[in-house]
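S.K.: I have a structure I would like to understand better, so I am pasting it below and will then ask my questions one at a time.
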Amino acid sequence: MIEVKGVNKSFEGNQVLKNISATFESGKMNLIIGQSGSGKTVLMKSIIGLHTADTGKILYDGRNLLDMRFKEIKELRKEVGMLFQGSALFDSLSVLENVIYPLEMFSSMTRQEMVKRAEFCLVRVNLSAQSFHLSPSEISGGMQKRVAIARAIALNPKYLFCDEPNSGLDPITSLVIDKLIKEITEEYNITTIVNTHDMNSVMEVGDHIIFINKGVMAWEGSRNDIFDVENAALNEFVFASELYQKVKKAENLGK
Amino acid sequence: MLLVTLFKHIGSYTLLMSKVFSKPDSWRMFFRQFPKEMEKLVVNSLGIVIIISVFIGFIMTVQTKLNTSDPLLPTYATGLVTRDTLLLEFSSTIMCLILAGKVGSNIASEIGTMRITEQIDALEIMGVNSANYLILPKIAAFVLLIPCLVIVSMATGLVGGYFVGIFTDILTTADYMVGIQYAFIPYYIFYSVVKTLFFGFIIASVSSYYGYYAYGGALDVGKASTNAVVNSSVIILLFNIVITNLMLN
């Protein structure tokens with residue numbers, strides 16, 4: 001479980017996060033949603049520690065990230081997996097070597113055990129053995145995301161962060177990736193935080209959602225009640241697509 | 001303002017170097033990266049070093065001979081001038097300026113691209129000391145092997161000068177051979193090698209610094225690459241004055 005308490009973050013006098021507090025439970029898909037520039041990426045990077053929050057607490061199962069020393073943060077990061085927006089696979093390594101990489105850095109496994117574990121993770125994300133020895137540039141965007149997920153789970157992380165996992169993917173592949181992340185979250189009881197502005201993801205996998213607007217946490221809830229909230233900013237975000245507007249219009253006409 | 005920027009760069013560079021020169025997270029990974037960097041930065045530079053040295057050695061001999069036609073000068077003077085120029089400045093300083101262009105831009109663009117594609121963030125998230133993992137093998141490989149490039153440059157430069165005697169009639173090979181052996185001071189080779197150890201460190205570390213702190217897109221990686229080459233070259237020239245004064249004065 002990750003708890004965020006009263007987190008503030010400013011860049012050169014510009015306050016980007018204003019007193020954010022939220023709890024992200026394990027085994028659930030915790031989604032951070034909001035418009036571009038709302039501060040959701042800054043919030044995620046502050047939770048991970050890529051940005052240092054100005055004030056507040058970020059508790060990983062009770063351990064405050066902001067009180068940790070460099071060595072403790074390094075240790076904590078071995079429990080963290082992250083899926084980046086652009087996958088961030090290492091160009092110079094093959095698909096298999098990308099997944100082996102964290103094992104080679106931080107485990108005491110033999111080479112054979114590492115290969116076995118990496119192959120298991122790649123199969124778990126539905127990749128075939130034919131792609132194992134290809135380089136990241138030789139596989140599609142969807143496959144790259146899967147490799148990135150496999151790499152993120154290689155060390156059995158307790159916490160998984162996904163920064164816009166659907167960016168650049170078609171709706172069908174996006175759905176596959178969303179479901180895969182949800183399956184893995186539930187299977188390994190991981191605390192997963194997903195940063196997204198894709199409403200399809202919200203409706204498919206959002207167990208717990210927080211909505212960030214202009215650096216403030218404007219709403220918290222689940223996908224079941226997101227349509228019935230009286231919050232102008234959230235409504236504007238949720239019903240931004242023409243399709244939703246048409247559906248809503250039709251519903252209003254039907255009433 | 002300029003001074004503030006300069007101190008900011010010096011501070012960031014020092015902090016980066018303190019991260020670079022720490023114990024690697026995995027020695028196994030370090031020793032795997034090390035030979036790859038040796039090949040990429042040094043072995044792959046061998047061709048350009050040989051080509052430039054041979055041609056410069058040749059043209060330097062021709063120019064020296066044509067511009068020193070005084071009958072009072074001994075016949076071996078051309079070989080002697082070529083040898084000392086190659087040993088003292090060309091093979092160390094000028095060759096390092098050329099390598100700053102080739103190797104420096106390579107390092108800065110590689111690390112810069114890793115930065116903008118979030119590969120460095122991915123390493124940090126995994127708990128890897130990214131500066132140490134990416135930069136230390138480059139510095140170690142380049143500093144350790146750059147003296148070899150300099151010695152190759154000296155040797156091939158002298159061979160280039162020898163070709164003047166073979167392919168033209170302005171100088172005999174016998175005069176040239178006497179010249180390059182006359183009043184030879186072995187300390188010059190030591191001086192050149194010591195200089196290049198410093199220059200190698202400057203090229204690898206300054207280029208890594210600009211790549212590591214690159215941000216934005218492809219254009220910014222290009223800028224980082226240019227800054228790496230320009231600034232390493234300027235620093236090399238400054239250090240050349242200091243080291244020459246210390247070692248030859």
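S.K.: Compute the distance from the alpha-carbon center of the range B:171-198 to that of the range A:124-160, in whole Å.
M.R.: Measuring centre to centre over Cα atoms gives 56 Å.
S.K.: Hey, another quick one. Per-residue Cβ counts within 10 Å, from other chains only, averaged over B:125-136: what number is that? Show your work: numbers first, answer last.
M.R.: Numbers: counts 13, 15, 12, 7, 2, 0, 0, 0, 1, 0, 0, 0.
Taking all residues of B:125-136 together, the mean is 4.
S.K.: Report, to the nearest 10°, how far helix A:141-153 tilts away from the longest principal axis of the Cα atoms in chain A, using its own Cα long axis and a range of 0 to 90°.
M.R.: In chain A, helix A:141-153 runs at an angle near 70 degrees to the longest axis.
S.K.: Using a 10 Å cut-off on Cβ atoms, rank the peptides B:95-108, B:168-181 from the highest mean neighbour count down. Mind showing how you got there, number by number?
M.R.: On the way: B:95-108: 23.9, B:168-181: 16.1.
Put in order of decreasing packing, that is B:95-108, B:168-181.
S.K.: Each residue of the range A:221-238 in order: what ³J(HN,Hα) in whole Hz does its phi give by Karplus 6.51 cos²θ - 1.76 cosθ + 1.60, θ = phi - 60°, with x for Gly and Pro?
M.R.: So the Karplus estimates, Gly and Pro as x, are x, 10, 5, 5, 10, 5, 7, 9, 8, 8, 9, 4, 5, 5, 4, 4, 5, 5 Hz.
S.K.: Separate question: Relative to the compact-globule scaling 2.2 N^0.38 Å, provide the ratio for the alpha-carbon radius of gyration of the range B:25-248. Write down the numbers at each step before the final one.
M.R.: On the way: Rg = 20.4 Å, N = 224, 2.2 N^0.38 = 17.2 Å.
Normalised Cα radius of gyration, the range B:25-248: 1.19.
S.K.: Within a 10 angstrom radius of each residue's Cβ in A:150-161, how many Cβ atoms of other chains show up on average? Whole number is fine. Walk me through the numbers before you get to the answer.
M.R.: Working: counts 0, 2, 3, 0, 1, 2, 0, 1, 0, 0, 0, 1.
Mean partner shielding for this stretch: 1.
S.K.: Once you have all Cα-Cα distances for the protein assembly as shown, histogram them in 20 Å bins from zero and send the whole-percent values.
M.R.: 20, 42, 24, 12, 3, 0
S.K.: Then there is this: Find the centroid of the Cα atoms in the range A:61-105 and in the range A:5-40, then give the distance between the two in whole Å.
M.R.: The distance from the Cα centre of the range A:61-105 to that of the range A:5-40 comes to 21 Å.
S.K.: With both bridge residues required to lie in the protein assembly as shown, what share of the DSSP beta bridges run antiparallel, to the nearest 5%?
M.R.: Values: 19 of 37 bridges.
Around 50 percent antiparallel, to the nearest 5.
S.K.: Amide H neighbours of A:T192 under 5 Å, counting only residues 5+ apart in sequence or on other chains, H built in-plane at 1.01 Å?
M.R.: Result for A:T192 returns A:G27, A:K28, A:N30, A:L160.
S.K.: Give me the percent relative contact order of the range B:25-248, please, defined on Cα pairs under 8 angstrom at least 6 residues apart.
M.R.: Values: 300 pairs, mean separation 79.9, N = 224.
Worked out over the range B:25-248, it gives 36 percent.
S.K.: Could you go through the range B:207-217 in sequence order and give the Karplus-derived ³J(HN,Hα) for each residue, using 6.51 cos²θ - 1.76 cosθ + 1.60 with θ = phi - 60°, rounded to whole Hz, and x for Gly and Pro?
M.R.: 5, 4, 4, 5, x, 5, 9, 5, 8, x, x
S.K.: Taking 41 Å as R0, compute the FRET efficiency from the Cβ-Cβ separation of B:V234 and B:R32 and round it to 0.05.
M.R.: On the way: r = 34 Å, r/R0 = 0.83.
The computed FRET efficiency comes out at 0.75.
S.K.: Oh, and also: If packing is taken as the average count of other Cβ atoms within 10 Å, what order do B:30-42, B:116-128 fall into, highest mean first?
M.R.: Details: B:30-42: 16.3, B:116-128: 21.4.
The peptides rank, most packed first, as B:116-128, B:30-42.
S.K.: Taking the 0 to 90 degree range and rounding to the nearest ten, how far is the long axis of helix A:242-254 tilted relative to the main principal axis of chain A, both from C-alpha atoms?
M.R.: Approximately 40 degrees, to the nearest ten.
S.K.: Taking square-rooted eigenvalues a ≥ b ≥ c of the alpha carbon gyration tensor, is the range A:28-153 rounded, prolate or oblate, where a/c under 1.5 means rounded and, failing that, a/b exceeding b/c means prolate? Working shown, then result.
M.R.: Details: a/c = 2.52, a/b = 1.52, b/c = 1.66.
Note, shape of the range A:28-153 comes out oblate.
S.K.: Take peptide A:68-79, look around each residue's Cβ out to 10 angstrom, count Cβ atoms belonging to other protein chains, and average those counts. Intermediate values should be presented prior to the final figure.
M.R.: Values: counts 0, 0, 1, 0, 0, 2, 6, 1, 1, 5, 3, 1.
Whole-number average of other-chain Cβ neighbours for A:68-79 is 2.
S.K.: For helix B:2-20, what angle does its Cα long axis make with the longest principal axis of chain B, in degrees from 0 to 90 and rounded to 10?
M.R.: The answer is roughly 80 degrees.
No lab work stands behind these numbers, since they all come straight from the coordinates. If you're wondering where the values come from, they're calculated on a predicted model, not measured in any experiment. Note that each Cβ is placed from the backbone with ideal geometry, even for glycine, and that neighbours are counted across all protein chains shown.
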